[in-house]
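The structure appears right after this line, and notes come after that.
None of the figures in this text is laboratory data; all of them are computed from the coordinates on show. Just so it is clear, the structure is predicted and the values come from calculations on it, not from any experiment. Methodologically, a virtual Cβ is constructed for each residue, glycine included, from the backbone with ideal geometry; neighbour enumeration extends over all protein chains shown.
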Amino acid sequence: MKNYYFDNSATSSPKPDSVYDVVDYSIRELNGNPGRAGYRKSLEISREIFKVREIIADFFNVEDSLNIAFTANATESLNFAIKGTIKENSHVITTNFEHNSVLRPLFSLRDEKNVELTFVNTWEEIEKEIKENTKAIVVNHISNVNGTIQNIKEIGKICKKKNILFIVDASQSGGYTKIDMQENSIDILCITGHKSLFGIQGIGAICLNTSNTIYKIKPLLEGGTGSFSKYERQPLEMPELLESGTLNTPGIISLGAGIEYIKSQGIENIEKHENLLIEKFIIEIEKLERVKVYKSITKKQGPVVSLNIENVDSGELASILDEEFGIMVRPGFHCAPRAHKAIGTYETGTVRFSFGYFNSEDDIDYIVESFKKILDEI
Ligand SMILES: Cc1ncc(COP(=O)(O)O)c(C=O)c1O
């Protein structure tokens, strides 16, 4: 049986060939420790890593590539961003569509630092919730449950006007749609490498816009940086401030190759293709009786959507899809519990379909035909 992968929100698969090639190359050939020695190999690795900082800076329009720190994933970036900047007794606005990698750090701050949280469903509700002590707005650009896209440009304008820190979780949007940190007035952009950016797992980044001086980020990790070895405290310079320990060279190199691939295809073409797939999928699947689709609650839909078949458990449906049709999807709650409260699936969970650049229109036809067979039988 052929396998069909529709779990690109969890991690993209497959990767472009160039990504497999550079990972192989980096493990074989770039196998020294970057920034820790002066021999030629170490310097070469440092140069390759610097190139990837430049690639990321160019791709997301980060002011200065040195203000990009590599992390393990979006979760680490978001912890750095949230716990490293938000102070005691402040007020934070966020959305009900956040992933646990935003929710849990925020709930820690609520419990440990008396930080007050306000949740909204969409970006339109944000401005009226701003208070005197509102210090940060943290927003998931694209929901990994139903593809809700928040208007980061409008939120950025509000943040700029009111001098509020703007933190964006771009886990689902980076690599699918163009994100410009300056145009959207984003102070901190958190990305993960292994989803639409086509890198391997274990690499992410946090990008800082330093023109906004309302915050100073505190490091959550301290340790060896390969520089300033005699300092007792963590260096204040970026990227060392947020980069302790040996970097993930193969991951970084893979992320660079992933972004180069996206540039070679044109990100607008990627977005167009994925939009075509999600539109076709929603139209066709909504025609089927007993199928309830949970789509974006704003005007714009990302390439991910949830659904349920009436009276069928989401886990059971995902198992049938996998075992009988080779269709790989994710059931359950997708690490975003409040999103399920917002869309009315907190008790049941959902089956999530998330499309990627390597999916085709034929794949959508196959899913719809498979659903027709399932619906005939249950
Ligand atoms: C919206 C969102 N934020 C954050 C994350 C966390 O990403 P990672 O597991 O790569 O840290 C995910 C992963 O699914 C996500 O969908």
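Diagonalising the gyration tensor over the Cα atoms of the stretch 169-291 and scaling each eigenvalue by 5 before taking the square root yields semi-axes of 37, 17, 14 Å, largest first. For the peptides 275-281, 150-156, the ranking by packing is 150-156, 275-281, with the highest mean count of neighbouring Cβ atoms within 10 Å listed first. For the chain, with equal point scatterers placed on the C-alpha atoms only and solvent neglected, what are the log10 I(q)/I(0) values from the Debye formula at q = 0.09, 0.13 1/Å, to two decimals? Computed log10 I(q)/I(0) values: -0.53, -1.06. When the C-alpha to C-alpha distance is required to be over 22 Å, the pairs from 87/162; 135/178; 292/373; 157/299 that qualify are 135/178. When +1 charges are put on Lys and Arg Cβ atoms and -1 charges on Asp and Glu Cβ atoms, the dipole computed for the chain relative to its Cα centre reaches about 1260 debye. Listed by chain and number, the aspartates and glutamates placed with their C-alpha closer than 14 angstrom to that of residue 113 are 88; residues fewer than eight positions away on the same chain are left out. A Cα-only calculation for the stretch 1-66 places Rg and Dmax at 16.2, 52 Å. Annotation: the antiparallel percentage among DSSP beta bridges lying fully within the chain is about 50.
So what's Rg/Rh here for the stretch 184-248, counting alpha carbon atoms and using the Kirkwood radius for Rh? Ratio value, two decimals: 1.01. What is the sum of charges around residue 52, taking Lys and Arg as +1, Asp and Glu as -1, for the other residues whose C-beta is under 11 Å from the C-beta of residue 52? Once positives and negatives cancel, what remains is -1. Rg/Rh for the stretch 287-347 (Cα atoms only, Rh after Kirkwood) is 0.96.
Rounded to the nearest 500, the 222 nm mean residue ellipticity of the chain from helices alone is -12500 deg cm²/dmol, with -39,500 (n - 2.57) taken per DSSP H run of at least 4 residues. Summary of the geometry: the stretch 186-238 and the stretch 344-378, compared by the centres of their Cα atoms, lie 38 Å apart.
Dividing the alpha-carbon radius of gyration of the stretch 1-140 by the rule-of-thumb value 2.2 N^0.38 Å gives 1.40. Quick one: pull the percentage of alpha-carbon pairs in the stretch 229-378 with a separation above 21 Å. When every Cα pair of the stretch 229-378 is considered, 57 percent fall beyond 21 Å. Remark on residue 204: its backbone amide H falls under 5 Å from those of 71, 72, 73, 193, a criterion applied only to residues 5 or more positions apart or on other chains, H modelled at 1.01 Å from N. Taking other Cβ atoms within 10 Å as a rough exposure proxy, 330, 290, 233 sort from fewest to most as 233, 290, 330.
Among the listed pairs 128/295; 83/161; 153/218; 2/51, a Cα-Cα separation exceeding 28 Å is found for 2/51.
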